[in-house]
Amino acid sequence: MKSISHGVLIVNANEELLLCHASGSPHWDIPKGGGKLTETGRQTVVRETFEECGLQLAPEDLLPLGCFASRPGKDLQLHAVLMARFDTHACVCRSQFADGHGQLRPEMDGYRWAAFDEVSQWCAKGLATLLTRTLSLPTILRQLQALKRQPSNVGRVA
């Protein structure tokens, strides 16, 4: 049985996607992770985004995008949210892992806004393909704008 990771595409009106740098990796990623038994997919996205970025999202503000093959044995359930552009230096990762030397390191060690047409140069090939060929980031942005899903409380760094 495949495991499911729950992720979110955080976009802004300037046609940019929030990316997080995965510590110890050459690649940038989106906030995502596995759920707990008591969580819905939306709740997992909210928790993972807070742990990895310090951003507080509301589950009802997330637009479901569907479930996509991520890699063998794992699928990626995606949501999207529109927020105002903010200074990514305010982001902070609260979740850690032990590296190969047993040192605790933050899961994410950097944040950036990437223009939609630059996503492929920052993300690993599989995620880049999903974001640029399987999905259309400009279309997702238009859907979010049409739904007026930019409440004032979304995007605050806690």
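The values are calculated or read from the model by the stated rules, or taken from the named source; none is laboratory data. Here the structure is a predicted model, which is why all the values come from computation and not from measurement. Note that we place each Cβ from the backbone using ideal geometry, even for glycine, and neighbour counts take in every protein chain shown. To get the accessible areas, we keep the full protein, side chains included, count just its heavy atoms, and leave off ligands, DNA and RNA. Shrake-Rupley method; radii C 1.70, N 1.55, O 1.52, S 1.80 Å.
The table for this structure:
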{"read-out": "Residue list for segment 50-69, filter: at pLDDT 95 or above and within 18 Å of residue 130 (Cβ to Cβ)", "value": "62, 63, 64, 65, 66, 67, 68"}
{"read-out": "Selected residue (only one of 87, 61 is charged (D, E, K, R) and surrounded by 14 or more Cβ atoms within 10 Å (Cβ to Cβ))", "value": "61"}
{"read-out": "The one condition in (1) assigned to a loop (DSSP other than H, G, I, E, B); (2) modelled with pLDDT under 95; (3) within 15 Å of residue 11 (Cβ to Cβ); (4) open to solvent by 60 Å² or more (accessible area, probe 1.4 Å) that residue 152 fails to fulfil", "value": "(3)"}
{"read-out": "Out of 69, 124, 98, 114, sole residue that is out of contact with any Asp or Glu (no Cβ under 9 Å at 6 or more places or on another chain) and small (Gly, Ala, Ser)", "value": "98"}
{"read-out": "Boolean, residue 114 is part of a strand (DSSP E or B), surrounded by 15 or more Cβ atoms within 10 Å (Cβ to Cβ), among the hydrophobic types (A, V, I, L, M, F, W, C) and within 14 Å of the chain's Cα centre (by Cα)", "value": "yes"}
{"read-out": "Pairs, first within 18 Å of residue 116 (Cβ to Cβ) in segment 73-100, second open to solvent by 50 Å² or more (accessible area, probe 1.4 Å) and charged (D, E, K, R), C-beta under 6 Å, six or more apart", "value": "82/149; 88/112"}
